[in-house]
Structures are given as C-alpha cells and as structure tokens.
C-alpha cells in the first residue's frame, strides 16, 4: 500500500497496526497467565499430594507406636455438671488419701492406679507404672500402654478421640476418666491425668503432680480445678509428629 502523501490513510493504518499489536500482546499476556496459573496449580497439587502422603505415613507410624484411637462423638452432653463419687469399695493410699503424687515421671501409672483404687483394688503409681507396657524411650507412657495394662486385669479400657460433649458423657457414667493433656498450654510435653468432674465453668482433676494441686484434700474427689477454656487448649495435643492424636480420653467398659 502506498502511504506517502496520504496522511489520512497513513494514520488509519497506524491505528489499525497498533490495535493488532495491542491485541497480540493481550493474547500473549492471557496465555502467559494461563500457563502461569496452570503451573501454580500443578505445584499446589504436588504440595497437597506430598502433605497427604506425609500425613498417611505419620498416622501409620503413630498407630504403631501409640495405638489406634476409636472415634467417639456426641451431639450434646446429657448433664451440665457431674461429679464422680468414690464407691463404697474405693480404697485410699497408705497415707490415707485418695491421691498420690509422682516424683518425676510415671503419670500413666499414677492415673491408672487411681482408677484401680476407685474400683477397690489397692495400687500405687510407682509399681503400677512398672507394669504399663509399650513405654517409649525415657519412660513416657502411650495410649496403647494404658489399654494394655488394664486388659491384663480383665478391664476393657479403650483409647478414644472425640469432642467435649462425648468426654462429659463418659464422665457422667460415674467413673474417673483418664485423659491425655499437655503439661502446659503451648508445650509439647504430655501428661496422663484423671477427670472426676465438670460443670459449666471448670474441669475437676485427680492429678498426680503436686505443684498443680489447687484444692485442699478435704474429702472431695478432686485436687485440681482447671477452667474449661484452658482445659480445651491443654486437651488439644495435636502436633506435627502426631497430627490426629488430640482430644484423647479412655472409655472403661
């Protein structure tokens, strides 16, 4: 096309050519974005796949080391408050108390001994802990160890994971309930303790760590009171090495 001397035609051609270039750039930009989004999606899917694989492998290892947890959930609690009372056959320690305190570790044994004494069987935490199987390095107890210990005594003790309503309903059956909690909020050290009551504000423990006792031993069946809001944080024991192991409690049949 001859453009020389025809400024109108030349201007139209320039505008036309500019629109074509702009359209090409826009198409290329859109294609670039599509490719980029597709690449991002591929990376995201690979990350999700890796996370799922790690989660599966970690859970399998946890089941082998800690034991299988039975899901147990309830829509609501049957009672707004409930307190476990000692049975007529419930025995006390040699010191004449319902409670005894550990000197170091062994909380899995002390909480189990508390349940045994509730059932009328003389027991102390030190000797009981020696009989708790599947202890990890350093003497840490694990859920399947509690179940295994009671199984040897003809008592079915099932490790469960569930919600707060299910826990309260288990307490309301009238038996102390062993739970796994964090020693402190935000810390990874775990602790076995017995719950013997609850109301709308607090959870009531029979605890074997003397420094945590905040109730006088005056005949009540608990020695530690923890606000519900704090307890829920302590009860959430999920962490990277055991992501699905949280809200653990034991059901006694």
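The values are calculated or read from the model by the stated rules, or taken from the named source; none is laboratory data. What you see is a predicted model, and the numbers here were worked out from it, not measured in a lab. Ideal geometry is used to build each Cβ from the backbone, glycine not excepted, and the neighbour counts take in all protein chains shown.
Scanning the stretch 185-194 for residues that are surrounded by 12 or more Cβ atoms within 10 Å (Cβ to Cβ) and more than 19 Å from residue 163 (Cα to Cα) yields one hit, 188.
A Cβ distance below 8 Å, combined with a sequence gap of six or more or placement on separate chains, defines the contacts here; from the stretch 56-82, residues that are at positive phi reach residues that are in a loop (DSSP other than H, G, I, E, B) and surrounded by 14 or more Cβ atoms within 10 Å (Cβ to Cβ) in the pairs 67/134; 67/142. Failed condition for residue 89, given (1) at pLDDT 95 or above; (2) assigned to a helix (DSSP H, G or I); (3) farther than 30 Å from residue 164 by Cβ, with all others met? Tallying (1) at pLDDT 95 or above; (2) assigned to a helix (DSSP H, G or I); (3) farther than 30 Å from residue 164 by Cβ, residue 89 fails exactly one: (2). Among the residues of the stretch 226-246, those identified as surrounded by fewer than 18 Cβ atoms within 10 Å (Cβ to Cβ) and farther than 25 Å from residue 68 by Cα are 227, 228, 229, 230. Please go through the stretch 196-227 and pick out each residue that is in contact (Cβ under 8 Å) with a residue 40 or more places away in the chain, in contact with a strand residue (DSSP E or B) (Cβ under 7 Å, 6 or more places away or on another chain) and outside any loop (DSSP other than H, G, I, E, B). Scanning the stretch 196-227 gives 196, 197, 198, 204, 206.
Restricting attention to the stretch 127-179, which residues are over 27 Å from residue 199 (Cα atoms) and not in a loop (DSSP other than H, G, I, E, B)? Passing the criteria: 127, 128, 129, 130, 131, 144, 145, 147, 148, 149, 150, 151. When restricted to residues that are closer than 24 Å to residue 147 by Cα and modelled with pLDDT of 95 or more, the stretch 49-82 contains 6.
Apart from one condition, residue 159 fits all of (1) in contact with a strand residue (DSSP E or B) (Cβ under 9 Å, 6 or more places away or on another chain); (2) free of Cβ contacts under 8 Å to residues at least 40 places away in the same chain; the exception is (2). Of all positions in the stretch 207-216, at least one carries a residue that is in contact with a helix residue (DSSP H, G or I) (Cβ under 7 Å, 6 or more places away or on another chain), within 26 Å of residue 117 (Cα to Cα) and surrounded by 13 or more Cβ atoms within 10 Å (Cβ to Cβ). Taking the listed residues 49, 78, the one that is outside any helix (DSSP H, G or I) and loosely packed, with under 12 Cβ neighbours inside 10 Å is 78, with no other qualifying.
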